[in-house]
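Remarks on the structure that follows.
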Amino acid sequence: MTLKDIQQLLTSPKKIVLVTHARPDGDAIGSLLAMYHYLRQQHHDITPITPDVYPSYLGFLPASEQILIGEEAPEQAQEVFEAADLIFILDFNSPKRIDQLEGLLLQAKGVKVMIDHHLEPDDFVDFQFCDPHASSAAELVYEFIEALQHTKLINREIATCLYAGICTDTGRFKYNIRGRLHQIVAVLIQKGADANAINESIFNSLSEDRLRFIGFCISERLTILQDLNAAVMYITLDDFVRFNYQPGDTEGLVNYPLSLKGIRFVALLKEADDKVKISFRSKGSFSVNSFARKHCNGGGHLNASGGALYNYSITEAQEHIINLLEDYRAELVEVEAV
Ligand code: 5GP
Ligand code: MN
């Protein structure tokens with residue numbers, strides 16, 4: 001299928017499912033809701049859906065209350081996937097990333113369109129609108145709307161959602177910044193995105209628990225492996241309980257150790273009931289995408305990836321990662337920062 005075919009499909013009202021990944025972040029929800037506000041103007045019947053809840057700090061995004069939470073409404077999720085003419089896959093490129101919705105997505109008969117910026121997409125869609133150099137899925141949603149010659153439909157709601165997606169996935173305009181991105185952001189601000197208000201809602205709305213949790217993780221749970229230019233942090237189930245963990249509370253935590261001089265690799269290990277979930281970040285040429293794919297059933301981007309280890313306790317998982325890093329010593333020691 002081509003973009004023209006998708007454009008043609010969208011000329012008459014369709015049943016559309018918009019879906020993004022589990023444990024959604026600002027880019028996931030921003031892209032999801034921007035597409036919702038865009039397609040709504042063309043009288044489609046649209047259901048935005050996530051596998052599980054989104055962080056409360058994203059609740060300010062317009063129409064967030066419209067999002068169907070798959071794990072809270074499994075029957076409704078099944079109905080909308082089965083009935084969909086079109087399914088937009090936003091900010092992920094492997095069906096594994098939507099947990100229990102994976103089967104529904106793979107069995108759905110509707111035309112599948114992927115708008116995404118991760119490396120190495122799985123082959124399960126009819127049309128890919130993908131660019132691994134893009135800062136965010138939100139940037140690509142903008143490009144998608146522009147490619148369909150609908151820039152004039154970008155209203156304040158769309159601009160707000162896209163700005164939120166871009167500013168979160170770029171770490172507030174630090175990563176994957178291209179001139180083109182700033183041009184897009186300029187348009188979003190002209191269309192009504194209130195940068196100050198969005199920043200306040202997302203970044204300055206922490207609970208006391210969350211701020212103290214960040215402090216605790218940094219002071220009590222961080223191991224610095226200076227000779228490997230690496231750092232490893234872990235969080236136990238008890239830590240989550242102690243700090244009254246809410247979805248989204250670990251967002252951005254993995255980036256703190258990267259601010260240490262010389263550190264080029266960070267792993268953040270989070271204990272869960274059935275696995276240890278891991279976030280990876282790197283600087284320069286060291287590919288955490290390859291590392292996560294090879295060793296932790298995961299993937300992502302060159303410098304930001306994630307995955308999981310099964311059948312390891314949190315302590316064993318940490319030891320395992322540190323042992324693996326020993327094998328990468330030469331690479332880690334030589335890697336340039338930028
Ligand atoms: P985060 O560490 O912020 O959860 O995720 C960082 C990046 O890695 C994101 O781009 C995310 O999509 C990707 N990622 C996180 N967890 C997984 C995973 O389990 N599998 C894959 N393939 N990618 C992941
Ligand atoms: Mn993203």
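The values are calculated or read from the model by the stated rules, or taken from the named source; none is laboratory data. This is a predicted model, so every value here is computed, not measured. So basically every Cβ, Gly included, is an ideal-geometry build from the backbone, and we count neighbours across all protein chains shown.
Here are the numbers for this structure:
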item: Flag for Arg172 being within 14 Å of Ile189 (Cα to Cα), assigned by TED's automatic domain parsing to the domain that holds Ala186 and over 14 Å from the mean Cα position of the chain (by Cα); result: no
item: Helices (runs of 4 or more DSSP H) (entirely within region 254-338) containing at least 3 residues that are surrounded by 20 or more Cβ atoms within 10 Å (Cβ to Cβ) and within 12 Å of ligand 1 (Cβ to nearest atom); result: 288-295
item: Test: residue in region 54-68 that is among the hydroxyl-bearing types (Ser, Thr, Tyr), within 16 Å of ligand 2 (Cβ to nearest atom), free of Cβ contacts under 8 Å to residues at least 60 places away in the same chain and assigned by TED's automatic domain parsing to the domain that holds Gln149; result: no
item: Pairs with Cβ under 6 Å, 6+ apart, first in region 121-149 and more than 21 Å from Ser290 (Cβ to Cβ), second of a type in the set (Lys, Arg); result: Val125/Lys112; Asp126/Lys112
item: Condition check for Ala77: over 22 Å from Ser136 (Cα atoms), surrounded by 20 or more Cβ atoms within 10 Å (Cβ to Cβ) and away from ligand 1 (no atom under 16 Å from the Cβ); result: yes
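Yes/no matrix, rows are residues, columns are (1) of a type in the set (Phe, Trp, Tyr); (2) within 16 Å of ligand 2 (Cβ to nearest atom); (3) assigned to a loop (DSSP other than H, G, I, E, B):
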| position | (1), (2), (3) |
| --- | --- |
| Glu82 | no, no, no |
| Ile87 | no, no, no |
| Leu104 | no, no, no |
| Lys109 | no, no, yes |
| Val113 | no, no, no |
| His118 | no, yes, yes |
| Asp123 | no, no, yes |
| His133 | no, yes, yes |
